[in-house]
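To start, the structure under review is shown below, and the notes come after it.
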Amino acid sequence: MLTETHIWPEPPPRHARLSERKVLRRRRTIDVLAMVAVVAVATGAAYLLGPFQPGAEVAASSAVVGGGEAAAGGSGAQGSGAGAGGSAPGDSGARTDPQDPAGTDELAGNVPGTGASAPGSPGAFTGDAGSDAATGEMGVAPTATADDGTSTPAPDATAGTCPEADQVWSAENGHLDSSELAAIPFAPEHSVRADVVDGLVALNDAYAAQFGANMIINSAYRSYEEQEALYDPSSDTAAPPGCSNHGTGLAIDIGGGVESFGSAEYDWLKANAEGHGWVHPPFAEPDGRNPEPWHWQSVQAPNSY
């Protein structure tokens, strides 16, 4: 009896072929997942180290993606294609700003994606020492930013103080608008506050009738900068900027004999000036803290009595 001889080996059973395909799919899936995990880890590391190593993020991302694609390619053509597609979700290049490829926002202390300065960073505002507020002029006081992100107001330069009890600091001192001032008619190079000029003119008329000449005005209103130039902390000659009644437009310095205690001109003014709204203040008296016979001021000045 003839037996049937098979020239070709019989194919493996169908269930065996299905098992082999499942094994290949699993291998490819594992390769792709491994590559994605490596890219994700590298991207996270580059994100954290990016502010300290400019360009490291881009370099690390390129190296990892290139290596991952090569690794995925080893598992076959289909695995390579899957690896290339899988690199997109973890690609750190998606975080790179086209206007800031090297991550300079982080280096400058800016919060990524906001353009704002991070607390305590070099870009945070800490106040300009040369600002108007720092010099005691009108302005907004600067703030200092702490490491925890809270803002602490700097010493309030807009609420200044004066060294003497009878001196009154004012933000407007030395900053009067020209509309608030009036030139002294008999000394037009000097100005006082507009609401006191009439009394000064009347006083000068009476003085001229007595002595045959106008009062000599050596100083009247002073700007903040002028007072600042005169002020010497080691001397009592001029008050600090912001504290002098010259800055309010309510004080004058008179010459022509008035600058001497006991002179006829000084004694006449002592007897007649108050009737026209002007006085010699206590601090400038012979027994005052700063004897100045030439310094006279409007009764509206805060320390006139």
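Pop the C-beta distance of ALA208 and THR161 into the FRET formula with R0 = 35 Å and round what comes out to the nearest 0.05.
Working: r = 41 Å, r/R0 = 1.16.
With R0 = 35 Å, the Cβ-Cβ based efficiency is 0.30.
Among rounded, prolate and oblate, which fits region 220-291 when a ≥ b ≥ c are the square roots of the eigenvalues of its C-alpha gyration tensor, a/c under 1.5 means rounded, and a/b larger than b/c means prolate? Here region 220-291 falls in the prolate category. Largest first, the three principal axis extents of the alpha carbons in region 178-298 are 39, 37, 20 Å in whole numbers. Put simply, the amide H of ILE217, placed in the peptide plane, has neighbours under 5 Å in GLY255, leaving out anything fewer than 5 places away on its chain.
Residues whose amide H comes within less than 5 Å of that of CYS162, counting only those at least five positions distant or on another chain, are TRP169 (H built at 1.01 Å from N in the peptide plane). Counting every alpha-carbon pair across region 157-217, the share separated by more than 17 Å comes to 55%.
Every read-out reported here was derived from the displayed coordinates using simple, explicitly stated rules and does not represent laboratory data. Computed from a prediction, not measured in an experiment: that's the story for all the values here. Neighbour counts are summed over all protein chains in view; Cβ atoms, including those assigned to glycine, are modelled from backbone coordinates with ideal geometry.
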